[in-house]
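The values are calculated or read from the model by the stated rules, or taken from the named source; none is laboratory data. Nothing here was measured: the structure is a model prediction, and the numbers come from that model. Cβ placement follows ideal geometry from the backbone for every residue including glycine, while neighbour counts extend to all protein chains displayed.
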Amino acid sequence: MGALADSRKRVSADHRLLPSFPSSAPSPSKKPKLAPLLPTAPPPPLPSSSHIPSSTSSAAPGPNSSTAFASTSSSSSFCSLPHSRHRRLPPPPPVQRSIHAPLRRIRAFRLGNTRSNSDPPSYSPSPPPQPLGLDQYVDLVNSVTQPPPLTPPAYVPRGAKATVEVVAVDDLGDIKQDEEERDEEDEVKGEVVVRKVPLYKDLYEASSRQRDHRLGILEFEVRLAEKGRLGLEGLKEARPQITPNKKVVPEPFVPLTDKDEDSVRRALGGKNRREILSEHKASNIVITREILQCLNDKHWLNDEVINLYLELLKERELREPSKFIKCHFFNTFFYKKLINGGYDYKAVRRWTMKRKLGYNLIDCDKIFVPIHKEVHWCLAIINIRDKKFQYLDSLGSMDMKALKIIARYLVDEVKDKNGKQIDVLSWKHEGVQNLPLQENGWDCGMFMLKYIDFHSRDMGLTFGQKHMPYFRQRTAKEILNLRAG
């Protein structure tokens, strides 16, 4: 569409419509360049001359306001020409319009204005500044000419150290400043407080620390580590409850130390066979290297080693009575004396005097009687607590005669020492089954000693042939140290 631009011809035509210009008919040879934009209705038929209205009557209403412009003077002359062509009046002056021109829109690379020219510009004019009133002007002048007085610092006596309290509010709690940050803290010089860092910088740093998301992550990690540390402290107490018990080596199987192994090796392997290695004064038993060497592998145990070990077991019970049951240990010569010539109670009657032992046999839980059968060691137990007579043989045999002799002895002992008659007919005579048995021909004495050791602990017989080398070394160590463990 082409531009609608104003021209001088149009301006001259528009000026003709003004009241200052006389209305004259255009030249017959030229037609008006611009036709009226408003549509006009065809003129009504002219009346006859006899019916021409007077000049006082108003003109008929037309399609536009130009008919009102034909007043009394012009209407009479216009209506007096009935046969002349009706002259169309020019339109009223148009409203001032903006000049339209073609617009090229460049959409490539988002260039050019995409808003059409028809859209009116949208803007809101800023209101004019309001003038200052008298009171506001006076306040402004006073604030410039008379600034507020400075607040005097707090008085600090000379020689005293003033303290400056810095309070910082932080989600992470109180912020403790390190020694490296002390240069930025407040200083007190004389009586004047001097700040090296402006207050706004401190506030800015505090607010930046609050907004920093990395500090939130560090806070979480610190709290997690703190909870972990507290949890580890409580874990020491709760660990036995939440974790299975560590496998504890029973006391009879505690391994020997390197020092103990060296001492046992020297004692059992030395060449001086008559050297005294241990001497028990209470029982008057002396152990030489020749006697102790029976604890070497593939050797039978002798009476001295067995009797001294039984004495050490009795001392162990007296030393720690809460860990062991109350027992009495006869030596290897008791049963031989008892059966000398059949059955002889009087031969052993003085062996168990109360002033000598400090207790009566009937007050014990178990009484151990070693039995030696030519080349084999066995054990008889008088189980007063369970009312049993038990026979233990590492070869799995049973000797009812030995149990009957032991039962007869108990009746005579209680009658002699306590003056009571005990009925043992209801007591059980048993050969203990499921015993750990020896698998060779020389460990019977070691098995007998371990039967006594485990029963005095009131423990089950949880050992076997594979433990015999260890038990031999342990017995040698306990005899050398004169202390059973």
Original post:
Name the residues in region 349-386 that are crowded, with 17+ Cβ neighbours inside 10 Å and of a type in the set (Ser, Thr, Tyr), would you?
Top reply: 352
Original post:
Which residues, taken from region 313-348, are in contact with a strand residue (DSSP E or B) (Cβ under 8 Å, 6 or more places away or on another chain) and surrounded by 17 or more Cβ atoms within 10 Å (Cβ to Cβ)?
Top reply: 313, 314, 317, 327, 328, 329, 330, 331, 332, 334, 335
Original post:
Out of all the residues in region 287-301, is one or more surrounded by fewer than 17 Cβ atoms within 10 Å (Cβ to Cβ), in a helix (DSSP H, G or I) and of a type outside the set (D, E, K, R)?
Top reply: no
Subject >> Close pairs (6 angstrom Cβ cut-off, 6 or more residues apart or separate chains): outside any helix (DSSP H, G or I) in region 393-415, among the hydroxyl-bearing types (Ser, Thr, Tyr) and at pLDDT below 95 anywhere >> reply: none
Subject >> Condition check for residue 380: of a type in the set (Gly, Ala, Ser) and assigned to a helix (DSSP H, G or I) >> reply: no
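Of the residues that sit in region 252-283 and are outside any loop (DSSP other than H, G, I, E, B) and out of contact with any helix residue (DSSP H, G or I) (no Cβ under 9 Å at 6 or more places or on another chain), which one is farthest from residue 304 (Cα to Cα)?
258
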Original post:
Where residues in region 451-482 are crowded, with 16+ Cβ neighbours inside 10 Å and without any contact (Cβ under 8 Å) to a residue 60 or more places away in the chain, which of them is nearest to residue 391 (Cα to Cα)?
Top reply: 461
Subject >> Hits in region 435-448 (condition: in a loop (DSSP other than H, G, I, E, B) and either more than 56 Å from the chain's Cα centre (by Cα) or more than 26 Å from residue 317 (Cβ to Cβ) (or both)) >> reply: 437, 438, 439, 440, 441, 442, 443
Original post:
Is it true that some residue in region 449-458 is assigned to a loop (DSSP other than H, G, I, E, B) and more than 51 Å from the chain's Cα centre (by Cα)?
Top reply: no
Original post:
Exactly one of (1) assigned to a loop (DSSP other than H, G, I, E, B); (2) closer than 15 Å to residue 394 by Cα is unmet by residue 466. Its number?
Top reply: (1)
**OP:** Being touching a helix residue (DSSP H, G or I) at 6+ places or on another chain (Cβ under 6 Å) and not acidic (Asp, Glu) narrows it down to one of 422, 384, so name that one.
**Re:** 422
Original post:
Just a yes or no: is a residue in region 352-367 modelled with pLDDT of 95 or more, within 23 Å of residue 314 (Cβ to Cβ) and of a type in the set (Phe, Trp, Tyr)?
Top reply: no
Original post:
Which residues, taken from region 347-377, are under 60 Å from the mean Cα position of the chain (by Cα) and assigned to a helix (DSSP H, G or I)?
Top reply: 363
